[in-house]
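Below: one structure, written as structure tokens.
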């Protein structure tokens, strides 16, 4: 006679709910090595999902509380033990986190200048997969499957919460993402004093931080360029083809416009 292995299986019956659930649903198994004629007590871990059903209206898993029939045997056709499993009420809410990528703003003054991906993670002491719900800028909460990618310029207030199968809702978690991927626009025009040039810039998202200008003088085949200076008031621009005024603007997020010239 040789030793062998037994694989007792556990099944649960109809769940305590008005929703139709299987008469027998596989709930767990274990493996135990036995010598001929030997018996042993075993513990079979029960899959939490076998004690839940999908609520179509709520669009989430639900764990009904109460007594659930329990069946143990080598297979559905060979049930050796029957009993009852009590499912206690789950009163502990899940937790949820929001992780942005990039982790920190990649622009100036707390602004992002590249797309931001928000990853959501929810954990619960009983539910293996709590549902994550997300609200953007005070809108309605909706189920969020996977990450949320923010690409358009703007200021986003993103709030996430998690809901477990028992209906417990986590404390909300909120992050603010300020995203500006667009450089400012900048223009120049002559003032009433024809030798002076007024430079202006606009930025609809983070706002204009500064305007700069410099001169480029062509002498023969050489270009001589002055350092950038901060623009404060109209600057001189002589009607000389060899002397060119260059200007640019920077917004508060750190985006810099292309260099423009006058004339």
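The values are calculated or read from the model by the stated rules, or taken from the named source; none is laboratory data. On a predicted model such as this, the values are computed, not experimentally measured, just so you know. Cβ sites come from the backbone with ideal geometry, for glycine too, and all protein chains shown count toward neighbours.
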Condition broken by residue 106, with the remaining ones in (1) on the phi < 0 side of the Ramachandran plot; (2) loosely packed, with under 12 Cβ neighbours inside 10 Å; (3) in a loop (DSSP other than H, G, I, E, B); (4) without any contact (Cβ under 8 Å) to a residue 12 or more places away in the chain satisfied: (2)
All positions within segment 173-198 that are surrounded by 20 or more Cβ atoms within 10 Å (Cβ to Cβ), over 19 Å from the mean Cα position of the chain (by Cα) and not in a loop (DSSP other than H, G, I, E, B): 186, 188, 197
Yes/no for residue 81 being assigned to a strand (DSSP E or B) and crowded, with 16+ Cβ neighbours inside 10 Å: no
Flag for residue 101 being surrounded by fewer than 15 Cβ atoms within 10 Å (Cβ to Cβ), within 24 Å of the chain's Cα centre (by Cα) and modelled with pLDDT of 90 or more: yes
Any hit, segment 153-165, residues being under 21 Å from residue 18 (Cα atoms) and not assigned by TED's automatic domain parsing to the domain that holds residue 43: yes
Answer from 201, 152, 160 - the residue that is in contact with a strand residue (DSSP E or B) (Cβ under 8 Å, 6 or more places away or on another chain), in a strand (DSSP E or B) and without any contact (Cβ under 8 Å) to a residue 60 or more places away in the chain: 201
Any hit, segment 253-263, residues being at pLDDT below 95, within 30 Å of residue 108 (Cα to Cα) and surrounded by 15 or more Cβ atoms within 10 Å (Cβ to Cβ): yes
First in segment 227-256 and more than 16 Å from residue 208 (Cβ to Cβ), second anywhere and outside any strand (DSSP E or B), Cβ under 7 Å, 6 or more apart: 234/191; 236/195; 237/195; 238/195; 245/237; 246/259
Residue match in segment 29-43 (condition: outside the structural domain of residue 142 (by TED's automatic domain parsing), surrounded by 12 or more Cβ atoms within 10 Å (Cβ to Cβ), touching a residue at least 40 places away in the same chain (Cβ under 8 Å) and within 28 Å of residue 125 (Cβ to Cβ)): no
